[in-house]
Each structure stands twice: as C-alpha cells, then as structure tokens.
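Structure first, commentary second.
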Amino acid sequence: VDRALETYALLKQRTDELTYSQAQVSLLQALIEMAQQSHSQKDVLATIAERLSHAFSADACTVQQVDGDALGSFGSYPQDTVRADTIASDPILQAAIAKKMAQCAFNIPADETLSAIPYYQTAGLKAQLAIPVLFREQLLSAIVLQWQQAYSLQESDLDFLNLVAQQVALVLQCTGES
C-alpha cells in the first residue's frame, strides 16, 4: 500500500509538472501568434493579460504601457477590474517601473505599509507581482499579476515570467504602436 501511495504521488507530481509545462508552451505560442498577426494594441494588451492570468492562476492581470514617466493605455483581465487611477498609484508597479526590475509582495496583509493602502484592501488583494517589459533597455510596459490569496512562485516561475516579458516586448514592437 505504501508503495502504491508513493507511485501515485510521483505520477501526480509528474502530471502536474507536465500540465504546467504545456501551459507555458501554449502561452509562448500565443504570444508568437500575436506578434505574427496584426492586432490592435488594445486587443493585444487585453489578450496578453488574459493569457497570463490563466497561466499563473491570477485573479487579475494588467498589462500597462509606459511612455517615459507617463502611463499609457492598458489591457486587463478580467476586463474593467482595474481603473487607471488606482494602477497609477500602485506602489509595487511604481517600484517595478522605477527600478526596471520585478517587484513583488506575496503576503500583502503581513506588510504594514502595503496593507494600509485602500486599493489593496478594497480589491481584497493578498499578493501582487509587477514585471517591467523592456525592449533594448527601453521600458515599454509592465505586467501586473494579482491574487486574492497569499501566493508564491518558484524561481523557475520567475525565470519564465522574465522570458514572457521579453516575448511581450517583441509582440508590442511587432504591433507597431508602442
């Protein structure tokens, strides 16, 4: 019986890893297809947000364009879950933009500074990750993933998200409106 339980646990782990790998490949394929087809910038931003939200089991995702110091258009999933005024004042996003490095808070209620911000309280956010999207060291946009429960990512997930950010940069360049 113990051997059967060990075998089952191993098979389940491998199945989960295979499913996750297939989701990663599917996401990259979708990004490549977007780059090859002509889409409006707004549709591309929303589609990227939707794909990333599903791929990382996020409750919400926003792809926010950045033009110098100003925030540009954005796409979000689910649609209409993010308002421009709230995302503009998001300290995690602002830090990612300023530092041009991924910034995260995987347990917002435990952080005294972040837990006091009304935006996080109202939205019920417990975790957030913001990743800058750079093309030739120029900041094009930022990806913001949000969860309503505490969340953590493995280092391999962060590596994959950085790869995705590079692919998103290429997609935005190919749509020609960034």
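What angle do you read, to the nearest 10 degrees and between 0 and 90, between the alpha-carbon axis of helix 2-36 and the longest principal axis of the chain?
20 degrees
Expressed as a whole number of Å, what is the distance separating the alpha-carbon centroids of the stretch 35-69 and the stretch 113-173?
First find each Cα centre; the distance between them is then 11 Å.
Shape verdict for the stretch 1-74, please, from the Cα gyration tensor: rounded (a/c under 1.5), prolate (a/b greater than b/c) or oblate.
Cα axes put the stretch 1-74 in the prolate bin.
Once you have a ≥ b ≥ c as the square roots of the Cα gyration tensor eigenvalues for the stretch 71-165, tell me rounded if a/c is under 1.5, and otherwise prolate or oblate according to whether a/b is larger than b/c.
Oblate shape, in that a/c is at least 1.5 and b/c is the bigger or equal ratio.
What order, most packed first, do the peptides 114-126, 4-16 have when packing is the mean number of other Cβ atoms within 10 Å of each residue?
Result, highest mean Cβ count within 10 Å first: 114-126, 4-16.
Need one word for the chain: rounded, prolate or oblate. Basis is the Cα gyration tensor (sqrt eigenvalues a ≥ b ≥ c); a/c below 1.5 gives rounded, then a/b vs b/c decides.
oblate
Counting only protein heavy atoms and a 1.4 Å probe, tell me what percentage of the chain's accessible area is made up of carbon and sulfur.
Its accessible area is 50 percent carbon and sulfur atoms.
Hey, what's the chain come to in accessible area per residue, 1.4 Å probe, Å²?
Heavy-atom accessible area per residue stands at 57 Å².
Rank by packing, highest mean first: peptides 47-59, 151-163, with packing defined as the count of other Cβ atoms within 10 Å averaged across residues.
Most protected by this proxy first, the peptides run 47-59, 151-163.
Give me the percent relative contact order of the chain, please, defined on Cα pairs under 8 angstrom at least 6 residues apart.
It comes to 23 percent, rounded to a whole number.
The values are calculated or read from the model by the stated rules, or taken from the named source; none is laboratory data. What you see is a predicted model, and the numbers here were worked out from it, not measured in a lab. Reconstructed Cβ throughout: ideal geometry from the backbone, glycine too, with neighbour counts over all protein chains shown. To get the accessible areas, we keep the full protein, side chains included, count just its heavy atoms, and leave off ligands, DNA and RNA. Shrake-Rupley method; radii C 1.70, N 1.55, O 1.52, S 1.80 Å.
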